[in-house]
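The values are calculated or read from the model by the stated rules, or taken from the named source; none is laboratory data. Remember, it's a predicted structure, so these values are computed and weren't measured experimentally. Here Cβ is always computed from backbone atoms with ideal geometry, including for glycine, and neighbour counts include all displayed protein chains. The accessibility values were calculated without ligands, DNA or RNA, using every heavy atom of the protein model including side chains. Shrake-Rupley method; radii C 1.70, N 1.55, O 1.52, S 1.80 Å.
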Amino acid sequence: MKLAIYHNLPSGGGKRALSEMLRRLSARHEIDVFTLSTAEHEFCDVRPYVHQHQIFPFVAWPLLRSPFGRLNQAVYLGNVLRVRPVQKRIAAQIDAGQYDLAFVHHCRFAQSPAILSFLRTPAVYYCQEPPRHFYEPPHDRPYLRSVGWRKRANDLDPFIALHRGIAMALDRAATRAAREVLVNSAFSRESIYRTYGRSARVNYLGADLSNFQPLNLPRERFVLSVGALAPHKGYDFLIQALAQIAPEQRPPLVIVCNQLNPPEHAFLSELAQQLRVQVEFKHRVSEAELVRLYNTAALTVYAPVMEPCWFLAIVWIGCGTPRGGGGGGGGGATILNELTGLIVGSVT
């Protein structure tokens, strides 16, 4: 088949999953990629697997600094609305290209990309998850709490409700416009039904085990966790768990993240200092270094809050790393308790 791929993905699990999909699809199909300049292209580069790779320019409005930070809700909404005409042009080009199928992935501005609403070509949308910040309760962090005059200002801020209302409406419309929706786990299928009122098909993810494999390196005395530096990844739970180990036996925690989140970094660093847990943050390590870390860690742990699919667990298994995680979400799709890992409890 002749396939058109659209994505506007940052670095992370979604881009790694797309790269793995295209590596396999390219063996049997002709693939063209349509993407934006705001996407991450170097991380898990898909260009070796495609016939054409077209990057459409888009300049996002930057976020404002204090004292104008309250206007950032308007900035977020502005980017969601401004990217739609670009995606409409891409949809027209895909339709003119007589592709058999458009395989659509997330947009970093609007999650479900608006291109789904404009395509006439049959479109399949791989939805890793809905935009959780709209549909789930917020995570408790000191830097996210609104009290006193800040809470009153938030309650009166028209941009918050406007951004939320319009973005959610566009997200639902785009998802419902897809011919088919694919998801990464049974947990995600249930989440998609609750959020959008439509059925989805489970298409489990895989990893490149020719790259992520045992290197027979000696294990070192540290615990490893990998993922975005965000509250829903549960790193505070891991720090608190390690603090329960006697100080003379307590291993350090190494956190590998693709993007630094300064407020979350400061929160976790302060928590680790209070609990006397040694934490090292590694930012944007190379693929070779990541494989080495998986192969030398004494234990790899993951404790996200209701995450739909533990894609990283597939990589751990490939590297033969001892592994454990908190229950909840889609973890059961990749870790079979006491068989391919150890699930120790729920993270809330």
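Summary table
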quantity	calculated
Subset of segment 100-109 that is part of a loop (DSSP other than H, G, I, E, B) and surrounded by fewer than 22 Cβ atoms within 10 Å (Cβ to Cβ) - its residue that is farthest from the chain's Cα centre (by Cα)	Asp100
Checklist (1) open to solvent by 80 Å² or more (accessible area, probe 1.4 Å); (2) touching a His at 6+ places or on another chain (Cβ under 8 Å); (3) at pLDDT 95 or above applied to Ala39, failing item	(1)
Scope segment 268-286; condition within 21 Å of the chain's Cα centre (by Cα) and surrounded by 15 or more Cβ atoms within 10 Å (Cβ to Cβ); matching residues	Leu268, Phe281, Val285
Single condition Glu30 does not satisfy, out of (1) open to solvent by 20 Å² or more (accessible area, probe 1.4 Å); (2) within 26 Å of Val256 (Cβ to Cβ)	(2)
Residues (in a loop (DSSP other than H, G, I, E, B) and surrounded by 23 or more Cβ atoms within 10 Å (Cβ to Cβ)) located in segment 118-140	Leu119, Cys127, Gln128, Glu129
Every residue from segment 188-231 that is at pLDDT 90 or above and on the phi > 0 side of the Ramachandran plot	Gly197
Test: residue in segment 37-46 that is within 29 Å of Glu289 (Cβ to Cβ) and touching a Phe, Trp or Tyr at 6+ places or on another chain (Cβ under 8 Å)	yes
Every residue from segment 175-220 that is under 18 Å from Ser117 (Cα atoms), outside any helix (DSSP H, G or I) and in contact (Cβ under 8 Å) with a residue 24 or more places away in the chain	Ala178, Arg179, Glu180, Val181, Leu182, Ala200
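Yes or no, residue by residue, for (1) open to solvent by 30 Å² or more (accessible area, probe 1.4 Å); (2) of a type outside the set (D, E, K, R); (3) within 28 Å of Ala102 (Cα to Cα):
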site	(1), (2), (3)
Pro142	yes, yes, no
Arg145	yes, no, no
Pro158	yes, yes, no
Ser185	no, yes, yes
Arg194	yes, no, yes
Ile245	yes, yes, no
Ile255	no, yes, no
